[in-house]
1. Could you list, ordered by first residue, the pairs with Cβ atoms under 6 Å in which the first is in the stretch A:297-315 and more than 7 Å from every other protein chain (Cβ to nearest Cβ) and the second is part of a helix (DSSP H, G or I), at least 6 apart or interchain?
2. Return only the number of the condition from (1) on the phi > 0 side of the Ramachandran plot; (2) in a helix (DSSP H, G or I) that B:G77 does not satisfy.
3. Can you pull out every residue in the stretch A:287-328 that is more than 26 Å from the chain's Cα centre (by Cα) and not hydrophobic (A, V, I, L, M, F, W, C)?
4. Could you list, in sequence order, all residues of the stretch B:85-118 that are open to solvent by 10 Å² or more (accessible area, probe 1.4 Å) and more than 14 Å from every other protein chain (Cβ to nearest Cβ)?
5. With the structure loaded, tell me whether B:L159 is within 30 Å of B:K172 (Cα to Cα), at pLDDT 95 or above and assigned to a helix (DSSP H, G or I) or whether it fails that test.
6. Residues being surrounded by 13 or more Cβ atoms within 10 Å (Cβ to Cβ) and not in a helix (DSSP H, G or I): count how many of those fall in the stretch A:8-39.
7. Would you tally the residues in the stretch B:59-84 being free of Cβ contacts under 8 Å to residues at least 12 places away in the same chain and buried (at least 24 other Cβ atoms within 10 Å of the Cβ)?
8. From the list A:K79, A:K85, which one is at the interface with chain B (Cβ under 8 Å from one of its Cβ atoms) and under 30 Å from B:Q62 (Cα atoms)?
Amino acid sequence: MYAQLVKSEGSKSREEMTPEELSFQDRIDRGEKVEPKEWMPEGYRKTLIRQIGQHAHSEIVGQLPEGNWITRAPTLERKAILLAKVQDEAGHGLYLYSAAETLGVSRDELMEKLHSGNMKYSSIFNYPTLTWADMGAVGWLVDGAAIMNQVPLQRTSYGPYSRAMIRICKEESFHQRQGYDIMMKMCAGTPEQKAMAQDALNRFWYPALMMFGPSDKDSIHSAQSMAWKIKMNTNDELRQKFVDQTVPQAKYLGLTVPDENLVWNEEKGGHDFSEPDWSEFFAVIAGNGPCNAERLGARVKAWDDGAWFREGLMAHADKAAARRIAAE
Amino acid sequence: MAGSVEANAVGAVDRAVCVEWLQRVGDNALILGHRVSEWCGHAPALEEDIALANQALDLIGQCQLWLGLAAEVEGKGRTADQIAYLRDAGAFRNLLLVERPNGDFGQTLIRQFLFDAFHIALLRALTESSDPRVAGIAAKAVKEVAYHLERSADLVVRLGDGTAESHDRMQKALDLLFPYTGEMFTDDATDRAMAEAGIAPLPSRLKPEWDRTVADVLEEATLTQPGQVWQHGVKGQGGKTGVHSEYLGFILAEMQFLQRAYPGATW
């Protein structure tokens, strides 16, 4: 999931709700979409801004680990595909910032919060991409995990977010396929390539499981977000689904999932598997992951170095407007 | 495919000459595409990030076509990838301008604009090439490059005539990069052979159109054209003949790393 630990504004029972809040909740329960100009509880608006903002930040920070390999892509075709994919991520960021703007927050405000550390992005992008196989693993596992969460979000209650998700999901499924395609090539390749693929799976497996956020029993914000249909499934449900989908894919590749406890549980109709190390997750979220400083540093540098560019464009627009008025 | 070579105008010139020329066009696209792609995730605005990735994609796509044709004409069983990934710097034929580092965004834009203005003139002429394959690639690329030029010219104008700082940065970038434009319009034996066969225009014939485009845009941008300044690579010793700057070796070290480290692997 590209949004983790999103703080939700307090949950109310029906008895505690105002008539407006009650009718809002009834609309959501009926499956109606909420549109920008309509009344909504302040908590709903704030929670959505946090979630959509975090999702948008994840898309643009998420350009960096894959962007890292564009100049080193092994063939012209792989280079073009990777470029197109990373460009898609930037496009997703754009849709999502636009969706957030409909809730009354500007893109610049959200950027400022990212840069100052007041808003987060997905923990996964703080892990390094060390080999070309990581381009495969990121597409297969990271985009795969993102899709798990984003497919249900196409039905989320907030109209602009839902519509952004519909577009994003189409592209994400292409991303996942291209990642898996890289893995297939690597696994059918030389022993060195196959070893690279196994190493990538070893490094990305647990960080990918962390993308869904901590277990539901520790996830304090889930209930209200689910009532508002901002969150559609629990973290554990999605993680289980992801594991069950991914394990046979790994088997097909001839790769071993790095979990000795991984076993099919006939009774529950799913795999039993080891939890990721949540202390690592919280350390990464707190800024202590392997690449936090580089990722945020790169975004801040891009923004600061680009200040003169953005100011130049604004100044020109003002001059052009003044010239038009003078000519009238 | 070798049989079709004779049916095309390319058969009218020495194959090696034609391959040499195709690498010039293809390498410009490859190396500039590489440079532009370095911005991915680091551009000053999200819209720029998207636009630059688009441009890099166009250029890589064009490079695949040009180098693919070079491989076909050469007829030695090489692929576009092998040409791109397995030559050393001395065998590259791109202009010095396109291997210049990105610098600040102003330098990236000026480099792009100066090249786009040349590129569009070249491609327009190539759409009338006596070789249908060359004309076909040019017809596809010219649409993409028309947009590159529209975009780079627009931004040069806005930033030249923006704030004092943006003007200053654009002027400095122009002064820095203008000495690399002369190489675009030098004619050598390869160019003359290609022109005589009607496959490609003589580079020197593209200069009037380029001069007009550049002068118009710079005037609107309130920037001063450096005029008659020292030009790199015009005495037969430049990118077109394989004498590059120090930068190209580093570009290739990065670009070719996997192909060199794992020879023969399939990706």
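1. Short answer, once both residue conditions are applied: A:V300/A:H115.
2. (2)
3. Result: A:R310, A:E311, A:G312, A:H316, A:D318, A:K319, A:R323, A:R324, A:E328.
4. Selection gives B:D88, B:A89, B:G90, B:A91, B:R93, B:L96, B:R100, B:F118.
5. Criteria met by B:L159.
6. 9
7. 0
8. Result: A:K79 is the single residue among A:K79, A:K85 that is at the interface with chain B (Cβ under 8 Å from one of its Cβ atoms) and under 30 Å from B:Q62 (Cα atoms).
The values are calculated or read from the model by the stated rules, or taken from the named source; none is laboratory data. Note that the coordinates shown come from a computational prediction; the quantities given were computed from them, not determined experimentally. Using ideal geometry, Cβ is built from the backbone for each residue, glycine included, and neighbour counts are taken over all protein chains shown. Please note that ligands, DNA and RNA were not included when accessible areas were found on the heavy atoms of the full protein model with its side chains. Shrake-Rupley method; radii C 1.70, N 1.55, O 1.52, S 1.80 Å.
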